[in-house]
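Engineer: Dropping the structure in here first, questions after.
The values are calculated or read from the model by the stated rules, or taken from the named source; none is laboratory data. Since this is a predicted model, take the numbers as computed values, not measurements. Because the Cβ atoms are built from the backbone with ideal geometry, glycine has one as well, and the counts that use them run over all protein chains shown.
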Amino acid sequence: MSKFEAKAYNLHTTGVGFINRLRFVKPSGKGKGYFAVAIGALYGVENDEGRAESSLYDLRVVGAKAIEAVKTLQAAFDDNQKIFVEFKAGDTRAEAFQYKRGKREGEWGACIKGSLLQVRKAWINGKLVIDHSSSDVSVETLGQPPAPQELAQQEEYPAASVGTVSEPAHAMPVPSWRVRLAERPERIVLLKNDPELDLKLWEIDCTGTYVRTWCSQEGRLLFVRDAKRA
């Protein structure tokens, strides 16, 4: 008789958004306390006002580096400063909950639960304070490296355009990739191994402005702006 071997599956999600809540949870029993964060994760293409849609992620922080990053951000959050993060979550799933107080008391809502595995980057009031990932420029002019000021812009979000933490995440600025897409550059180059390739392809298609063309560089996809569609 063969022995059954259970299989394990990992579900990983990457994204960016503003931290709407950061807390240390103390179980009522003898369980060990833990950090938890709520992130308004951005998705889709920004509108004319520079806003994007968002989904609420309520995540338990796991892993030494993730816990260390959250501890670093705790004081800034308690001081009502604006915290924008690039993150990686695991085992995400939708859960329903009932509001216990406030204007929506008694109503039902939904959020995405999971584990916060990594805080790859974090900005406080537009200033980069955590960077655990290598820089990757996904949108560029073919054959021309990004200007130094463009690279600097990717590492810092203008504080003047950032809303307060208590505001809905869809009122927040979008990542630099979408900002550059909104500027409608003449050419866009995507890396085929980009983990967000499918999302970026969809966002490009939503603009109705670009057509894909042949690219001489292996491992890349080239899109050019079609004047007839612009």
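Engineer: Which residues, counting only those in segment 39-62, are surrounded by 15 or more Cβ atoms within 10 Å (Cβ to Cβ) and more than 18 Å from residue 17 (Cβ to Cβ)?
Structural biologist: Across segment 39-62, the qualifying residue is only 62.
Engineer: Another question about this same structure. Restricting to segment 205-230, name every residue that is touching a helix residue (DSSP H, G or I) at 6+ places or on another chain (Cβ under 7 Å) and either within 24 Å of residue 12 (Cα to Cα) or of a type in the set (A, V, I, L, M, F, W, C) (or both).
Structural biologist: 223, the sole residue that qualifies.
Engineer: So, in segment 197-221, exactly how many residues are out of contact with any Leu (no Cβ under 9 Å at 6 or more places or on another chain) and touching a residue at least 40 places away in the same chain (Cβ under 8 Å)?
Structural biologist: 2
Engineer: Still on this structure, please answer the following. If residue 112 passes every condition in (1) buried (at least 16 other Cβ atoms within 10 Å of the Cβ); (2) over 18 Å from residue 43 (Cβ atoms) but one, which one does it miss?
Structural biologist: In the conditions (1) buried (at least 16 other Cβ atoms within 10 Å of the Cβ); (2) over 18 Å from residue 43 (Cβ atoms), residue 112 misses (2) alone.
Engineer: If you don't mind, another one. Can you name the residue in segment 43-71 that is part of a loop (DSSP other than H, G, I, E, B) and touching a His at 6+ places or on another chain (Cβ under 8 Å) and is also nearest to residue 109 (Cα to Cα) among such residues?
Structural biologist: 52
Engineer: Restricting attention to segment 14-36, which residues are in a loop (DSSP other than H, G, I, E, B) and basic (Lys, Arg)?
Structural biologist: Across segment 14-36, the qualifying residues are 26, 30, 32.
Engineer: Here's another thing I want to ask about it. What about residue 122, is it modelled with pLDDT of 90 or more, crowded, with 16+ Cβ neighbours inside 10 Å and touching a strand residue (DSSP E or B) at 6+ places or on another chain (Cβ under 7 Å)?
Structural biologist: Spelling it out, residue 122 is indeed modelled with pLDDT of 90 or more, crowded, with 16+ Cβ neighbours inside 10 Å and touching a strand residue (DSSP E or B) at 6+ places or on another chain (Cβ under 7 Å).
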